[in-house]
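A quick write-up on the structure given underneath.
The values are calculated or read from the model by the stated rules, or taken from the named source; none is laboratory data. In this text the structure is predicted, and so the values were computed from the model without any measurement. Here the Cβ positions follow ideal geometry from the backbone for every residue, glycine too, while neighbour counts run over all protein chains shown. All accessible areas refer to the heavy atoms of the entire protein, side chains included, with ligands and DNA or RNA removed. Shrake-Rupley method; radii C 1.70, N 1.55, O 1.52, S 1.80 Å.
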Amino acid sequence: MQQVLGRPDVEVVHERPTTGPSVRVTTAVLSGLAFWPAEEEPPEHAETLGWLRLPPEVLEMAAEETRVRQAREDAELLAVDAVLRDWVATGELDRRLVELADRVERVETVYVLVGREVFSKSDAGSNTLTRDALLEKLRNRPPEQWRSADRLFVVAAHCLFTSGRSVRFEEFNARQLSATALRDYLTDRYATYCTATGHEPSDLHRLSLTELAERVRALMVEVDHSPWMRYRRINGLTFVKNEYLADIPLPRDPATVPELVAEHGRVNLAVSLSGDVRADLRAMTMAAAALDAASAGPDADDGGAIGELLGAIVLSAVTATDSDYGMSSAVRDLARLRGARPGAPDGTLALKKANFFCCCLPHPTRMRPLATEEETVPILWRAAQRMMYNRWHFAPGEFDRAVIPQQRHYFFPPQVPDIAEHAEHHHGGHVASRVRFSIRAPGAQVWRPPFEIFGHGYRGCYDIRLVRMEGPAYTMSELRTAVEHCSLVDVLWRTLADGVERDAFPVRPVGGFDKTWYESRGWQRMRPYLLAAGLLTGPSPR
């Protein structure tokens, strides 16, 4: 590709040329392109799109460049094979393969290319790693009988997981993974993290792959407490999820309580603001909990006062970012997280999808040109159902693997904010809810302590999510706004945890936000929604 771009003497033709050099162009996985020299035959499933008719010197230059790259790759593969030999010598290889198979199951999509080989675990395409039992088959053969691509993938997956859990796999989705690319990736992460944390990289060119991965992981916590915020950009077309650093200093809370939330606190919760954002949110949360305990606020079937406060935060994020709709999901009853002993997972593992809820709310006006009243209800309810399922799926993700039953499937919960584009591709849930552009800001945020209750710390157990069904795409400004609003959600749940765990004040489980609530357009009864729509100027008669 690099050799042919910009040349006027390269032609694309439909039929194979009878004279001169040519390269066949076919379809490839994930709507990509594949190029095949004349002596190679593509697989049957590849559709031929045409042929490149090339001057002879183009192929010669491509061959020369390939030789240089292959020499570097062969050298890097020696380091990969050295790792495998160490695992064999110490008797660790089989355990590593079993761990890898389990880790692959904890990430939504793996679609990595090594040469022309596909290493995948996907609902939207092939699944060579688990369904086709590639990893299981490797357990029955010594590494010297594996393909070179197999040896590279196993070592690379281990290093990527070590450097930052299975989310790192996704940075190579739909891309070529090579030993050279692996080292370059880990070196770039190490250098970037050192810069962010003020460290000077040491032994940069003498570290092994596993040592590089370990240093990246060790620095990650420091990065999360630095002025640089890790976030990811997601391409829904290719499944690629790339990590970047944004210059967003701590504490990443809003400077003041957002106006809609503040107005809801004043008008409906009788809370006077002090100017301390976290203290004001705690006061609002306790006031809402008191209303729920006295049954003096909205009906439990409408989410209660706590549900309304959460709704105010969601609507504030939706309107501030000009989103079509947004949401926040969590467990309905924090008391259900209590285990038989502090830190035990049995309470969490006993939860069902119905034990979670999602407060999914539309923009008061923006959705109307894009979706009719009849379309809005199923869009919001389908999104809410998906989030309830996701929250159940993430719930065990911060427990040690050894205490989770083998048959309980789960994903590692998201930890860093992300911006996604073209999210409706390959994902049935996103298609159904018309999610094209989205933002996710998970909590508890990695620059804060985990959300701790009953002796266990959780990440990814609540969030702010925002959706646009049409463009423009989101920018860093809107991501920052979502992160600030997630800080408010964080205060709400930590305050409720104090009430539940220490009996500091009564906390009623969050009701509502079920199918009946959505079908009855329950959001139109919410006082924050009426405030956002300009339909409520004084306290509700409730």
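So if I take the alpha carbon set of the stretch 359-411, get Rg, then get Rh from the Kirkwood formula, what is the Rg over Rh ratio?
1.24
In whole angstrom, how far apart do the alpha carbon centroids of the stretch 487-530 and the stretch 123-184 sit?
Measuring centre to centre over Cα atoms gives 42 Å.
Mind ranking 299-308, 20-29, 459-468, 146-155 by how tightly packed they are, going by the mean number of other C-beta atoms within 10 angstrom, highest first?
Values: 299-308: 22.7, 20-29: 17.3, 459-468: 25.7, 146-155: 20.4.
In decreasing order of mean packing, 299-308, 20-29, 459-468, 146-155 become 459-468, 299-308, 146-155, 20-29.
Could you list log10 I(q)/I(0) for the stretch 1-155 at q = 0.12, 0.16, 0.21 Å⁻¹, which the Debye formula gives when each Cα is one point scatterer?
Results for the stretch 1-155 at q = 0.12, 0.16, 0.21 Å⁻¹ read -0.70, -1.02, -1.30.
Mind ordering 320-329, 475-484 by average Cβ neighbours within 10 Å, highest first?
Ranked by mean Cβ neighbours within 10 Å, highest first: 320-329, 475-484.
I'd like to know which of Gln385, Gly50, Ser226 lies farthest towards the positive end of the charge dipole of the chain, counting +1 on Cβ of Lys and Arg and -1 on Cβ of Asp and Glu.
Gln385
Using amide H atoms built in the peptide plane, which far-off residues or other-chain residues are under 5 Å from Gly339 H to H?
It is Ala344, Gly347, by chain and number.
Sorted by packing (mean other beta-carbon atoms within 10 Å per residue), highest first, where do 284-293, 393-402 land?
284-293, 393-402
Restricted to Cα positions, what overall size does the stretch 440-526 have along the principal axes? Three whole-Å values, descending.
The Cα atoms of the stretch 440-526 stretch 46, 37, 17 Å along their principal axes.
Tell me the angle of helix 304-320 to the major Cα principal axis of the chain, expressed in degrees between 0 and 90 and rounded to the nearest ten.
Here the helix axis deviates by roughly 50 degrees.
Could you report the stretch 348-390's accessible area per residue, 1.4 Å probe, as an integer in Å²? Walk me through the numbers on the way to the answer.
Details: 1800 Å² over 43 residues.
Result: 42 Å² of accessible area for each residue.
Of Ala262, Thr319, Phe119, which is farthest along the charge dipole of the chain in the positive direction, counting Lys and Arg as +1 and Asp and Glu as -1 at C-beta?
It is Ala262, whose Cα lies furthest towards the positive end.
Can you give the Kirkwood hydrodynamic radius for the stretch 230-325, in Å, rounded to one decimal and based on Cα pairs?
In the stretch 230-325 this quantity evaluates to 15.5 Å.
For the stretch 336-485, what is the convex hull volume of its Cα atoms per residue in Å³?
Measuring per residue, one finds 125 Å³ for the Cα hull of the stretch 336-485.
Please get the size of the charge dipole for the chain, origin at its Cα centre, with Cβ charges of +1 on Lys and Arg and -1 on Asp and Glu, quoted in debye to the nearest 20.
Dipole size: approximately 1260 debye.
Subtract the Cα-Cα distance of Glu105 and Ala344 from 0.36 nm times their separation in residues, and report this length gain in nm to one decimal.
Once the chain is fully extended between Glu105 and Ala344, it gains 83.8 nm.
Using the Karplus curve 6.51 cos²θ - 1.76 cosθ + 1.60 with θ = phi - 60°, work out ³J(HN,Hα) for each residue of the stretch 167-179 in order, rounded to whole Hz, and write x for Gly and Pro.
With coefficients 6.51, -1.76 and 1.60, one gets 4, 5, 3, 5, 6, 10, 4, 6, 10, 7, 9, 9, 4 Hz.
Apply the Debye scattering formula to the stretch 294-367, with a single equal point scatterer on each alpha-carbon and no solvent, then give log10 I(q)/I(0) at q = 0.15, 0.17, 0.21 Å⁻¹.
Scattering profile of the stretch 294-367, log10 relative to I(0): -0.65, -0.76, -0.93.
Hey, if you put +1 on the Cβ of every Lys and Arg and -1 on every Asp and Glu Cβ in the chain, which of Tyr474, Ala293, Ala335 ends up farthest toward the positive end of that dipole?
Ala293
Collect residues whose amide H, placed 1.01 Å from N in the peptide plane, falls under 5 Å from the amide H of Ile248; neighbours closer than 5 in sequence don't count.
Met229
Note down the nm distance, to one decimal, between modelled labels 7 Å out along Cα→Cβ at Thr48 and at Leu5.
Rounded to a tenth, the inter-label distance reads 2.7 nm.
Where the accessible area of the stretch 133-273 is counted over protein heavy atoms with a 1.4 Å probe, how much of it, in %, is carbon and sulfur?
Carbon and sulfur together cover 52 percent of it.
Given charges of +1 on the Cβ of Lys and Arg and -1 on the Cβ of Asp and Glu, with all other atoms neutral, how large is the dipole of the stretch 1-73 about its Cα centre, in debye to the nearest 20?
Details: 7 positive and 13 negative charges, 37 e Å.
Magnitude of the dipole: close to 180 debye.
Can you give me the distance in nm between label points at Arg206 and Ala89, each placed 7 Å from the Cα along the Cα-to-Cβ direction?
1.9 nm
Tell me which residues come under 5 Å, amide H to amide H, from Asp463 once H is placed; ignore anything under 5 positions away on its chain.
Those lying under 5 Å, H to H, from Asp463 are Ser329, Gly443.
Given the stretch 151-221, report the % of alpha carbon pairs whose separation exceeds 18 Å.
Counting every Cα pair in the stretch 151-221, those more than 18 Å apart make up 31 percent.
Relative contact order for the stretch 75-188 using alpha-carbon pairs under 8 Å, separation at least 6, rounded to a whole percent?
32 percent
Counting just the Cα atoms, what span does the stretch 35-125 cover along each of its three principal axes? Round to the nearest Å and put the largest first.
Projected onto its principal axes, the Cα set of the stretch 35-125 covers 52, 35, 19 Å.
Could I have the simple spin-label model distance between Ala191 and Gln406, label points 7 Å from Cα toward Cβ, reported in nm to one decimal?
4.5 nm
Residue by residue, what Karplus-based ³J(HN,Hα) values in Hz, rounded to whole numbers, does the stretch 446-455 have, using 6.51, -1.76 and 1.60 with θ = phi - 60° and x for Gly and Pro?
Listing the rounded values in order: 5, 8, 10, x, x, 6, 9, 8, 6, x Hz.
Over what distance in Å are the Cα centres of the stretch 13-57 and the stretch 357-384 separated?
46 Å
Express the Stokes-Einstein translational diffusion coefficient of the stretch 256-415 in µm² s⁻¹, to the nearest whole number, given a Kirkwood radius over alpha-carbon pairs, 25 °C and a viscosity of 0.890 mPa s.
Reported coefficient: 139 µm²/s.
Can you work out the accessible area per residue across the stretch 471-542, with the rest of the protein chains kept in place, probe 1.4 Å, in square angstrom? Present the calculation step by step, with values, prior to reporting the outcome.
Details: 3110 Å² over 72 residues.
Heavy-atom accessible area per residue stands at 43 Å².
Can you give the charge dipole size of the stretch 133-245 about its Cα centre, rounded to the nearest 20 debye, using +1 on the beta carbon of Lys and Arg and -1 on the beta carbon of Asp and Glu?
420 debye
Give me P(r) over the chain, computed from all C-alpha to C-alpha distances, binned every 20 Å, as integer percentages.
20, 48, 26, 6, 0
Percent of Cα-Cα pairs per 10 Å bin, from 0 to the last occupied bin, for the stretch 330-390, please list those.
In whole percents, the pair-distance histogram is 20, 36, 23, 14, 7, 0.
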